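First up is the structure itself, then whatever we jot down about it.
Bear in mind that the values in this text are calculations on the coordinates, not laboratory data. Only a predicted model underlies this, so the values are computations on that prediction, with no experimental measurement involved. Here the Cβ is made from the backbone with ideal geometry for all residues, glycine too, and neighbour counts use every protein chain on show.
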Amino acid sequence: MSDIPKIRLRNVHKAFGPKTVLNGLDLDVMPGESVVIIGGSGTGKSVTLKCTLGLMEPDSGTIEVDGENVVGLGSRDRERINHKFSMLFQGGALFDSLPVWENVAFGPIADKTITRKQGKELAIEKLAQVGMPAEVADLYPSELSGGMQKRVGLARAIAGDPEIIFFDEPTTGLDPIMADVINDLIVKVTRELGSTGLSITHDMASARKIADRIAMLYQGKIIWQGPADSIDHCDNPYVQQFINGRADGPIEMAVRK
Amino acid sequence: MNFLQPIGHYVLKFFGSVGRLVLFTLTALSHCIRPPFYPRAILRQMIEIGYFSLPVVGLTTVFAGMVLALQSYTGFSRFSAEGAIANVVVLSITRELGPVLAGLMVTGRIGASMAAELGTMRVTEQVDALTTLSTNPFKYLVVPRILAGITMLPILVLIGDIIGVLGGYLVAVYQLGFNASNYIQSTWEFMENMDVVSGLVKAAVFGFIITLMGCYHGYTSKGGAQGVGKATTDAVVSASILILCFNYLLTMMFFDK
């Protein structure tokens, strides 16, 4: 079974009007593996995640989850597939009308697998896993700092014991120390759960820390992929330019529009 | 022929938005009758729409009733038909002013806040987060609001009717010197069931319009703070116009001889 990729994207295309975002994207993510997609802003990283999650439909191509094509699924099948997923959003995307514990236990309570009372216990347990004290459970998201919101978001992402977790720029907007705390937590919780991870980021420190394998997205295609530790000696000029953060090189930024 | 181009552009844009609105409405209605339901969310919206709108609706209708009594006295006393004041007040309030004024006030209060809340949830990815927690955002966000609107508006209008008629009574008896029991008696005599029932049916339709517009503009908003602001304006303006429009159509339907 282990040779069937958890997620398999083949020849995925997506355009918004005249603007092509994904242009024949191929990517495999094996079970238990942590893959990080790197790439500049606007290269289609978020669109890749949203297509896989079913928040957007690709124009063409196939997306398989556990060998099952999920493009164009009906809402009931989509819901069944989405049970395997969870996602840590860039801004946390916590529900600000609900206290922290209801946010964390939202998925299991909505599935009716647990009662609200058990939900609170579960939330406190999951908060402890991301290093947050139980007192936080009764606060509202607006009372938390950015780093704490990210951690609550992570607690919510792991609360349903997902098979696959998506991380959308997990360290963006955090100070370097908090970013490293989040990276450590991501490595820790995905290892504890044995989940498959797919992250997108442009923070190389974060990518090196959480990735088993790194893939670079440029102009809607994966132009390079390989083990995380091999990225520094790869000879791809695009990758070299990106990881070293140089303004000049083969990647031209659309400075003038 | 260049002047045709913008005309065509706006015609296409208009039909595009009408189509999107119809699709949204049909999706919302189909989710209204399919489980799972979220009773807590429905109850929360009912309290928000019904209970917290009471002061606004009460104040609006009491002054409307008062001014009706005062104005019709000025008019009718010219041909000594003061006896018809009770008739005018009860008919105008139950058939027209109760539902329309309550509808417009609730639009300002509820339609705007719904559009702002859902719009903010959309731009901060909270709507996407619901999907990843295997909760259908239509069922969790839109359906409870629409159901609460349809059920709460008639109750609000019924209370508003009573308060409005009472306002007319107060002015007639204490300011214009009518006999209290005569006034009450002629109110009862003139009022028919159909007057009240038509007003309550209107209220249910207005409740649907207000919540639908609030949800539609909020749910489909994009582009950050500016987009949310636009969604709020659009929700209030479109709901107000539709209320006045449907008020005429429904009146024609009920009382066309």
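Tell me, in nm to one decimal, what length is gained between A:Asp184 and A:Leu98 on full extension, where the rule is 0.36 nm per residue of separation less the Cα-Cα distance?
Going from the current span to full extension adds 28.2 nm.
Given a Förster distance of 30 Å, report the FRET efficiency between B:Met253 and B:Gln175 from their Cβ-Cβ distance, rounded to the nearest 0.05.
With R0 = 30 Å, the Cβ-Cβ based efficiency is 0.25.
What percent antiparallel are the DSSP beta bridges of chain A, to the nearest 5?
Beta bridges within chain A, antiparallel portion: roughly 55 percent.
Per residue of chain B, what 222 nm ellipticity follows from adding -39500 (n - 2.57) for every DSSP H run with n ≥ 4, rounded to the nearest 500?
Helix contribution divided over all residues of chain B: -25500 deg cm²/dmol.
Give me the base-10 log of I(q)/I(0) for the range B:1-47 at each q in 0.17, 0.25, 0.28, 0.33 Å⁻¹, Debye formula, one uniform scatterer per Cα, rounded to two decimals.
Taken in order of the listed q values, log10 I(q)/I(0) reads -0.66, -0.90, -0.95, -1.05.
Can you say what percent of the DSSP beta bridges in the range A:148-257, counting only those with both residues inside, are antiparallel? Round to 5.
Looking only at bridges with both residues in the range A:148-257, the antiparallel portion is about 55 percent.
With only alpha-carbon pairs counted, each pair once and no self-pairs, how large is the Kirkwood hydrodynamic radius of the range A:147-257 in angstroms?
Here the Kirkwood hydrodynamic radius works out to 15.3 Å.
With only alpha-carbon pairs counted, each pair once and no self-pairs, how large is the Kirkwood hydrodynamic radius of the protein assembly as shown in angstroms?
One over the average 1/r among Cα pairs gives 26.3 Å for the protein assembly as shown.
Applying a 10 Å radius around every beta-carbon, put B:154-165, A:190-201 in order of their mean neighbour count, most first.
Highest mean packing first, the order is B:154-165, A:190-201.
Mind jotting down the distance between the C-alpha centroids of the range B:48-82 and the range B:186-257, whole Å?
Distance between centres, Cα-based: 20 Å.
Under the rule of at least 5 residues apart or a separate chain, name every residue whose amide H is placed under 5 Å from the amide H of A:Gly92.
Under 5 Å from the amide H of A:Gly92 lies no amide H from a residue far enough along the sequence or on another chain.
Could you work out how far apart the two model spin labels at A:Thr113 and B:Phe3 are, taking each label as a point 7 Å from the Cα in the direction of the beta carbon, and quote it in nm?
6.5
Below 10 angstrom from the Cβ of A:Thr172, what's the summed charge of the other residues (Lys, Arg +1; Asp, Glu -1)?
-2
On a full-extension model of 0.36 nm per residue, what is the gain between A:Arg208 and A:Asp175, subtracting their alpha-carbon distance, rounded to one decimal in nm?
10.2 nm
Which helices, counted as full DSSP H runs in chain B, have an axial Cα extent of no less than 27 Å and a Kyte-Doolittle average of 1.6 or above?
B:143-170
Counting partner chain Cβ atoms within 10 Å of every residue's Cβ in A:87-93, what's the average?
Average per residue, whole number: 5.
Taking the Cα centre of the protein assembly as shown as origin and charging only Cβ (+1 Lys, Arg; -1 Asp, Glu), how large is the dipole, in debye to the nearest 20?
Charge dipole of the protein assembly as shown: 840 debye, to the nearest 20.
Evaluate peptide A:106-112: per residue, the Cβ atoms of other protein chains within 10 Å of its Cβ; return the mean as an integer.
Mean number of neighbouring Cβ atoms from other chains: 4.
Over all directions, how big on average is the projection of the convex hull of the alpha-carbon atoms in the range B:74-117, in square nanometres?
3.7
So, in nm, how far is label B:Leu26 from label B:Phe76 when the simple model puts each one 7 Å beyond its Cα toward the Cβ?
Going by the 7 Å Cα→Cβ label model, 5.0 nm.
What net charge do the residues around B:Leu147 carry, taking every other residue with its C-beta under 15 Å from that of B:Leu147, with Lys and Arg at +1 and Asp and Glu at -1?
It works out to a net charge of +4.
Under the definition of partner shielding as Cβ atoms of other protein chains within 10 Å of a residue Cβ, what is the mean value for peptide B:118-125?
That works out to 3 on average.
Given a Förster distance of 60 Å, report the FRET efficiency between A:His83 and B:Thr233 from their Cβ-Cβ distance, rounded to the nearest 0.05.
Efficiency, rounded to the nearest 0.05: 0.95.
Regarding the range B:20-157, what's the average projected area of the Cα-atom convex hull, expressed in nm²?
Mean projected area for the range B:20-157: 10.3 nm², to one decimal.
Largest first and in whole Å, what are the equivalent-ellipsoid semi-axes of chain A based on the Cα gyration tensor, each being the root of 5 times an eigenvalue?
Equivalent ellipsoid of chain A: 31, 22, 17 Å, largest first.
For the protein assembly as shown, what is the percent of antiparallel DSSP beta bridges, rounded to the nearest 5?
55
When the Kirkwood hydrodynamic radius is evaluated over all pairs of different C-alpha atoms of the range B:38-255, what value in angstrom, to one decimal, is obtained?
18.3
Could you list B:His31, B:His9 so that the one with the fewest beta carbons within 10 Å of its beta carbon is first and the one with the most is last?
B:His9, B:His31
Taking the Cβ of B:Gly65 as the centre, find all other residues whose Cβ is under 15 Å away and add up their charges (Lys, Arg: +1; Asp, Glu: -1).
Net charge in that neighbourhood comes out at -2.
Provide the packing ranking of B:129-140, A:127-138, A:230-241, i.e. peptides ordered by the mean count of other C-beta atoms within 10 Å per residue, highest first.
B:129-140, A:127-138, A:230-241
Mind ordering B:73-81, B:212-220, A:33-41, A:114-122 by average Cβ neighbours within 10 Å, highest first?
B:212-220, A:33-41, A:114-122, B:73-81
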